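*Asks:* Can you keep this structure in mind? I'll have questions shortly.
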Amino acid sequence: MVVIMDKYTLKTAFRKSFLGLIWRIEVDAANSIFAVESRNQDNGNPAFSALDYTTGQSLLHEMPYGDRHWTLAGITDGKLILRAFAPDSPDSPGIACVDAFTGKLRWEQFNYTLVNIGNRQLTVRHRNFAGGYEQYLDLANGNLTQFNISANKPIGPDIVIPQTYTGEIPMLLDYAAYGDIFYCQTGAKHVWAFHEKDRQTFRVRLVVSNGLTILADTIILTNLAKMIPELFFMIDQLLFIIGDNKQEIVSYLV
């Protein structure tokens, strides 16, 4: 017997809207920050945002930088790392660092290609070399520095990406799921998400359960023209989805 508990509700933590299409999200879990790249729908130019993902508070909102051949590479130590790319290659010289809290451009480097992002150090390669010859930039000022192992260790809570559920479908999921069912566990709670057909469109249903008890059952996305490959991700007890035609981040407290 499946029971739905009325006392438990799936709480919306925040909604954050963007003018451009959300293209990429990177996480600085040590500082509880999302870095977001959104792109203008007319010319493809990027804008960069930062927000506290525990509250939804904007730190930096859709700041333009570069042309359509610049993108968000990552965020670490409260700093957005932007990189250039060539039309026919992901590797191109050009790195910029933006402070997530102030929006200030900290430094730019146009002689190096980004190889890797550490906690407080970047691995780079000079533009004259196609491979090897790796060097290191100090995140604080963009200057060359010596390798520092402590500055390359990741810190902060894990980001949980749901997995495709491959076991026997539990009886409590008595729904007309269309396609794969995605699943993860947080504490004693089990989180399920899947598509459903809704006439000529799709919708996404989110179910939270504990044992055979359904704690929450919510439609989180509607009017989808096609199925989407990534339904949600989690950090601690917070669940995030990209909604409103890729122009909104919605967070739920599970």
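The values are calculated or read from the model by the stated rules, or taken from the named source; none is laboratory data. For clarity, every value in this text was computed on a predicted model and none was experimentally measured. Glycine also receives a Cβ, built like all others from the backbone with ideal geometry; neighbour counts cover every protein chain displayed. Quick note on the areas: whole protein, heavy atoms, side chains included, nothing else; ligands and nucleic acids left out. Shrake-Rupley method; radii C 1.70, N 1.55, O 1.52, S 1.80 Å.
*Asks:* May I ask you to list the residues of region 10-53 whose amide nitrogen lies under 16 Å from a point 7 Å from Cα along the Cα→beta-carbon direction of Asn245?
*Replies:* From region 10-53, the list is 17-23, 39-44.
*Asks:* Shifting gears a bit: How charged is the neighbourhood of Pro229? Take every other residue with its Cβ under 15 Å from the Cβ of Pro229, and add Lys/Arg as +1 and Asp/Glu as -1. Display every interim value, and only then the final one.
*Replies:* Working: positive: Arg24, Lys226, Lys246; negative: Asp180, Glu230.
Its environment carries a net charge of +1.
*Asks:* From a point 7 Å beyond the Cα of Leu144 in the direction of its Cβ, which residues of region 84-125 have a backbone N at a distance under 18 Å?
*Replies:* Inside the label zone: 93-95, 108-116, 121-125.
*Asks:* How do Lys79, Lys246, Lys104 rank by accessible surface area computed with a 1.4 Å probe, from largest to smallest? Numbers along the way, then the final one.
*Replies:* Numbers: Lys79 25, Lys246 105, Lys104 130 Å².
So the residues, ranked largest to smallest area, are Lys104, Lys246, Lys79.
*Asks:* Which FRET efficiency value, to the nearest 0.05, do you get for Ala176 and Asp52 by plugging their Cβ-Cβ distance into 1/(1 + (r/R0)^6) with R0 = 45 Å? If you can, show how the numbers build up before the last one.
*Replies:* On the way: r = 38 Å, r/R0 = 0.84.
So, using R0 = 45 Å, E works out to roughly 0.75.
*Asks:* Distance in nm between label sites at Thr9 and Gln163, each 7 Å beyond Cα in the beta-carbon direction?
*Replies:* 3.4 nm
*Asks:* Using a 1.4 Å probe, what is the accessible area per residue for the chain, in Å²?
*Replies:* Numbers: 13420 Å² over 254 residues.
That works out to 53 Å² for each residue.
*Asks:* Based on the Cβ-Cβ distance from Thr201 to Asp67, what FRET efficiency comes out when R0 is 41 Å, to the nearest 0.05?
*Replies:* Numbers: r = 35 Å, r/R0 = 0.84.
With R0 = 41 Å, the Cβ-Cβ based efficiency is 0.75.
*Asks:* Can you give the local net charge around Phe34? Use residues other than it whose beta-carbon is closer than 12 angstrom to its beta-carbon, Lys and Arg +1, Asp and Glu -1.
*Replies:* Values: positive: Lys16, Arg24; negative: Glu26, Asp28, Glu37, Asp52.
The answer is -2.
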